[in-house]
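One structure below.
The values are calculated or read from the model by the stated rules, or taken from the named source; none is laboratory data. All values derive from a computational prediction rather than experimental measurement. Reconstructed Cβ throughout: ideal geometry from the backbone, glycine too, with neighbour counts over all protein chains shown. Remember, those area values only see protein heavy atoms, side chains included, never the ligands or the DNA or RNA. Shrake-Rupley method; radii C 1.70, N 1.55, O 1.52, S 1.80 Å.
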Amino acid sequence: MNLNIDVTEGNGKSAMKLAGEIDAYTAPQLKEKLLPLTKIENNQVEVDLEGVHYMDSTGLGVFISALKSVNESDSKMRLINLQNRVLRLFQITGLDEIITLDTAIRGGND
Amino acid sequence: METLKSDISNYRNLLKHYIEVRDEQSLYGAEQISKMFIKNNVPPEEIINLHIQALEELHPDMPDYFRHSMNFLLEIMISYGIAHQEHHSLREEQSELKSEIAMAAGMQETLLATTKPEIDCLDIGVVSVSANQMSGDYYHFLKGRDDSIGIAIADVIGKGIPAALCMSMIKYSMDSFPEATMNPKTILKNLNRVVERNVDAGMFITMFYAQYIPSESKIRYASAGHEPGFYYNAQTQKFEEIKAKGLVLGVSPEADYRQYERVIHSGDMVVLLTDGVTECKQGDRFIEIEEVLDVLNQYSDLPAQEMVDKAYKHFERMQNFQFRDDFTLMVLKKEADGQ
């Protein structure tokens, strides 16, 4: 399974749109694309996870690295449109309390 | 060297025979010789050389252009010979690495070994299977001087060797904590600091720590972002999720853990697991946790060890079943008083 990563940047904001699976095979690609965005000073990083139906704990590892990195560069990161299965992973691990998740428009198709 | 010499004369004879009659038998002979060359690590340019020599013996009147072309081919094959040599040494290195990893895996097993405590009132069963050679799952039992039993189940995120090394660190940290601090929330808080300081940013550990106090038939527990376990009520024959929230180890140095407790009644069970259990797949479909619980329920009359063994076998036997991750399943069963 693959992971498609689309990034649009501009006006102090980086928007990343993901589709596919985030696992041990695709997590390194995500890390490679996401971490540079989190190192930009005062950046707003938004990651749209609507197209992600499966993520394992290696994916969480990438978001934890990204969180530590935005904190160092005075930037902000938020994850939007999480599918239930993916949201559950953030909730179990307690990461929902330290990573900003916007679940208002969560995809409900699983 | 003797065998090589006989191969050379064999080669010439076979080639001669083939040029004369072009039969299948000589081709089969060629296949055998080529296998022998590979076994003896004969480089490709050496074979071309052999071919030229054989041809010169068989056809001294070979045209010049043909002889030149064969020398040209020989030159071409030299780089292939070097590549072949590299491939050969890489294979040797690979097999050395494999045996080193096997040794490390054996050492991990020794380092992390834990003995399942035998106590009257609590029947414990556990099965732990790693997806790779070295496991990132971990469980550990500790018997306190006050007869309490400490039970840890953990999963290192990140797989393979780094995860396995990390587990050893956790085990030795736990061993070094003074017994007076052995309550679940303090253990997790202390471990969190150890992990936060010592592992890199993308790595973290989830752990569920439970402590069973026989005199009160009570368990205390706390979770650091671990896959929730289940409580089985023998009276209603139903499972309920054990709710315990807490941040995974290694992310924030300030994390605090909430401790919960409950009394376990006779016949009741606590089921603990790692996410390898819920991330198993059959074909394209994930195994739902309900299926795992149904299987456990089916075997709930058996001793705890048989229950987990049967549950594991149940999934292993399924068609197209695959483990994506290390798999650990543990059952703690409160036995009837006086048994």
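Can you give the average number of partner chain beta-carbon atoms within 10 Å of each beta-carbon in peptide A:89-98, as a whole number? Intermediate values should be presented prior to the final figure.
On the way: counts 3, 1, 3, 10, 14, 13, 6, 2, 5, 5.
For this peptide, the per-residue mean of nearby foreign Cβ atoms is 6.
Placing pseudo-labels 7 Å out from each Cα toward the beta carbon at B:Lys243 and B:Ala105 gives an inter-label distance of 4.1 nm.
Note on B:Thr186: accessible area is roughly 40 Å² with a 1.4 Å probe, heavy atoms of protein only.
Wrap a convex hull around the Cα atoms of segment A:15-102, take a quarter of its surface area, and give that in square nanometres. Each step should come with its number before you reach the end.
On the way: hull surface 18.9 nm².
Its Cα hull, projected and averaged over all orientations, spans 4.7 nm².
Placing a label point 7 Å from the Cα of A:Asn42 along the Cα-to-Cβ line, the residues of segment A:1-20 whose backbone N sits under 13 Å from it are A:11-13. Residues in segment B:8-13 carry Karplus couplings, in order, of 4, 6, 4, 4, 4, 5 Hz; the curve used is 6.51 cos²θ - 1.76 cosθ + 1.60 with θ = phi - 60°, and Gly or Pro positions show x. Solvent-accessible surface (1.4 Å probe) assigned to B:Phe177 amounts to roughly 40 Å².
With a Förster radius of 56 Å, plug the Cβ-Cβ distance of B:Gln32 and B:Asp120 into 1/(1 + (r/R0)^6) and report the FRET value to the nearest 0.05.
Numbers: r = 68 Å, r/R0 = 1.22.
Efficiency computed from Cβ-Cβ geometry: 0.25.
Pull out the extension gain between B:Glu57 and B:His88, defined as 0.36 nm times the separation in residues minus the alpha carbon to alpha carbon distance; nm, one decimal. Let's see the in-between values first.
Numbers: separation 31, 0.36 × 31 = 11.16 nm, distance 3.21 nm.
Difference between extended and current length: 8.0 nm.
Between B:Gln298 and B:Asn41, the FRET efficiency from the beta-carbon distance, with R0 = 35 Å, is close to 0.05.
Starting from the exponent 0.38 and prefactor 2.2 Å, build the expected Rg for segment B:144-184 from its residue count and divide its actual Cα Rg by it.
Values: Rg = 12.5 Å, N = 41, 2.2 N^0.38 = 9.0 Å.
Relative to the 2.2 N^0.38 Å estimate, segment B:144-184 comes out at 1.39.
So if a site counts as exposed when it's one of the trypsin sites (Lys or Arg not before Pro), its DSSP state isn't H, G, I, E or B, and it has at most 11 other Cβ atoms within 10 Å, what's the longest stretch of chain B without one?
Details: sites that count: B:Arg22, B:Arg145, B:Lys243.
Within chain B, the longest run free of exposed trypsin sites (Lys or Arg not before Pro) spans B:23-144.
Using the Stokes-Einstein relation with a Kirkwood hydrodynamic radius computed over Cα pairs, the translational diffusion coefficient of segment B:203-272 at 4 °C and a viscosity of 1.567 mPa s comes to 100 µm²/s.
Interface size between chain A and chain B, please: total buried accessible area, 1.4 Å probe, rounded to the nearest 100 Å². Each step should come with its number before you reach the end.
Working: alone 6170 and 18980 Å², together 23320 Å².
So the total buried area for this chain pair works out to about 1800 Å².
Here the alpha carbons of segment B:2-92 define both size measures, Rg and Dmax, at 14.2, 44 Å. Annotation for segment A:5-110: trypsin sites (Lys or Arg not before Pro) lying in DSSP loop with at most 12 further Cβ atoms inside 10 Å of their Cβ do not exist. The GluC sites (Glu not before Pro) of segment B:57-148 meeting both criteria, a DSSP state outside H, G, I, E and B (loop) and at most 16 other C-beta atoms within 10 angstrom of the site's C-beta, are B:Glu118. B:Ile48 contributes about 30 Å² of solvent-accessible surface, heavy atoms of the protein only, 1.4 Å probe. Between segment A:11-76 and segment B:113-185, what is the separation of their alpha carbon centroids in Å? Value for the Cα centre distance between the two parts: 32 Å. Across segment A:84-92, computed HN-Hα scalar couplings (Karplus, 6.51 cos²θ - 1.76 cosθ + 1.60, θ = phi - 60°) run 3, 4, 6, 4, 4, 4, 5, 6, 4 Hz from first to last residue, x flagging Gly and Pro.
Can you sort B:Thr236, B:Thr110 by 1.4 Å-probe accessible area, starting with the largest? Spell out each step's value before the answer.
Details: B:Thr236 80, B:Thr110 105 Å².
Heavy-atom accessible area, descending, gives B:Thr110, B:Thr236.
A convex hull fitted to the Cα coordinates of segment B:6-52 yields 63 cubic angstrom per residue. For the protein assembly as shown, the fraction of C-alpha pairs more than 40 angstrom apart is 40%. With all projection directions averaged, the alpha carbon convex hull of chain B covers 26.1 nm². Sequentially through segment B:200-215, phi angles give Karplus couplings (6.51, -1.76, 1.60; θ = phi - 60°) of 6, 3, x, 9, 8, 10, 10, 8, 10, 10, 10, 10, 9, 10, x, 5 Hz, Gly and Pro residues having no value and appearing as x. Per residue of peptide B:249-260, the mean number of Cβ atoms on other chains within 10 Å of the residue Cβ is 2. Gain on full extension, evaluated as 0.36 nm per residue between B:Ile213 and B:Asn233 minus their Cα-Cα distance, stands at 5.3 nm. Only protein atoms count toward the accessible area here, which uses a 1.4 Å probe; on the protein assembly as shown, the carbon and sulfur part of that area reaches 51 percent. At R0 = 51 Å, how high is the FRET efficiency between A:Ser73 and B:His265 if r is their beta carbon distance? Nearest 0.05 is fine. The calculated FRET efficiency here is 0.45.
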